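The values are calculated or read from the model by the stated rules, or taken from the named source; none is laboratory data. Keep in mind it's a predicted model, so treat the numbers as computed, not measured. A quick note on method: Cβ atoms are made from the backbone with ideal geometry, for glycine too, and the neighbour counts reach across all protein chains shown.
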Amino acid sequence: MSWRLALEDFQHLFYPRACRLCDAALMRKEEELCLSCLYALPRTRSTLQKDNPVAKVFHGRVPLDFAGSYLYFRHDSMVQKLLHQIKYRNKKELAMAIGKLYALELMEEGFNAPDVIVPVPLHPRKERQRGYNQSYYFGLGLASVFGCECSDNVLIRTAHTATQTRRSRWSRWENVASVFDLKKGFLPEKKRIVLVDDVTTTGATLESCVRVLQQGNASVSGILTIAFALRG
């Protein structure tokens, strides 16, 4: 046994890592989630299908090659707990782990990796309060498998908007229609971009970001999110 493995065994014995969802002790090769929780996650497995539920959200709104989410989201579910850990409990490593898992699944299905992954930005005030942008860390996980760049120096959020929770589709669109812009100095030529965020609901925020990128002559291939919110 190498000294590295011996050190890992020592650390696991005295500082056991716990699953972020069920608190069970993690085995050596488990990352952030235990196998039981990992297999129980409600995967969509439909990203590359043209008429998947996420892609239908954007039909007739913005031109995209694909749009998909890794998981289905319902309130009071394990996915809601997972997202809460990522967004409000400083579990950046969990966001990255989910990104890696999603990317591995996509690569197995023949996904063509983009040139750059762009996260939906938070307003600077909100990012200071939270300490990080969860979508950026999800994007880092994707990029580490795709072998591409994840850049948070492409889009900026120019206004601090009210929460989207409980807003109608039209109200959500009005809330974010003009709050994004391209950062100065970004050169979009010959770069295939994938936009990423944590959750797809009505798609208003993502649509607004896509429009800004496309107006700046950026080629947006598609959208990837952690979860897709099911209605009802």
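Sort out which residues of the range 40-55 are in a helix (DSSP H, G or I) and either surrounded by fewer than 16 Cβ atoms within 10 Å (Cβ to Cβ) or in contact with a helix residue (DSSP H, G or I) (Cβ under 6 Å, 6 or more places away or on another chain) (or both), and write them in order of number.
Here is the first cut: in the range 40-55, the residues in a helix (DSSP H, G or I) are 40, 53-55.
If the condition is that a residue be in a helix (DSSP H, G or I) and either surrounded by fewer than 16 Cβ atoms within 10 Å (Cβ to Cβ) or in contact with a helix residue (DSSP H, G or I) (Cβ under 6 Å, 6 or more places away or on another chain) (or both), then ALA40 is the only one that fits.
Going by the conditions given, is GLU93 more than 15 Å from the chain's Cα centre (by Cα), on the phi < 0 side of the Ramachandran plot and modelled with pLDDT of 95 or more?
Numbers: more than 15 Å from the chain's Cα centre (by Cα): no; on the phi < 0 side of the Ramachandran plot: yes; modelled with pLDDT of 95 or more: yes.
When the stated conditions are applied, GLU93 does not pass them.
Any idea how many residues of the range 58-100 are of a type in the set (Ser, Thr, Tyr) and touching a strand residue (DSSP E or B) at 6+ places or on another chain (Cβ under 9 Å)?
Residues of the range 58-100 that are of a type in the set (Ser, Thr, Tyr), as a first pass: 69-70, 72, 77, 88.
Of the ones still in play, those that are also touching a strand residue (DSSP E or B) at 6+ places or on another chain (Cβ under 9 Å) are 69-70, 72.
Count: 3.
Test GLU108 against the stated conditions and say whether it is at pLDDT 95 or above, within 19 Å of GLU31 (Cα to Cα) and charged (D, E, K, R). First the steps, then the outcome.
Working: at pLDDT 95 or above: yes; within 19 Å of GLU31 (Cα to Cα): no; charged (D, E, K, R): yes.
So GLU108 fails the test.
Quickly run through the range 189-213 and pick out the residues that are modelled with pLDDT under 90 and surrounded by fewer than 17 Cβ atoms within 10 Å (Cβ to Cβ).
GLU189, LYS190
Would you call LEU71 assigned to a strand (DSSP E or B) and within 17 Å of the chain's Cα centre (by Cα)?
Working: assigned to a strand (DSSP E or B): yes; within 17 Å of the chain's Cα centre (by Cα): yes.
Yes, satisfied.
Return yes or no: is LEU48 at pLDDT 85 or above and not polar (S, T, N, Q)? It would help to see each step written out before you state the result.
Working: at pLDDT 85 or above: yes; not polar (S, T, N, Q): yes.
Considered against the rule, which asks whether it is at pLDDT 85 or above and not polar (S, T, N, Q), LEU48 comes out as yes.
Testing SER171 on (1) surrounded by fewer than 23 Cβ atoms within 10 Å (Cβ to Cβ); (2) assigned to a helix (DSSP H, G or I); (3) at pLDDT 90 or above, one condition comes back false. Which one is that?
Checking SER171 against (1) surrounded by fewer than 23 Cβ atoms within 10 Å (Cβ to Cβ); (2) assigned to a helix (DSSP H, G or I); (3) at pLDDT 90 or above, the one that fails is (3).
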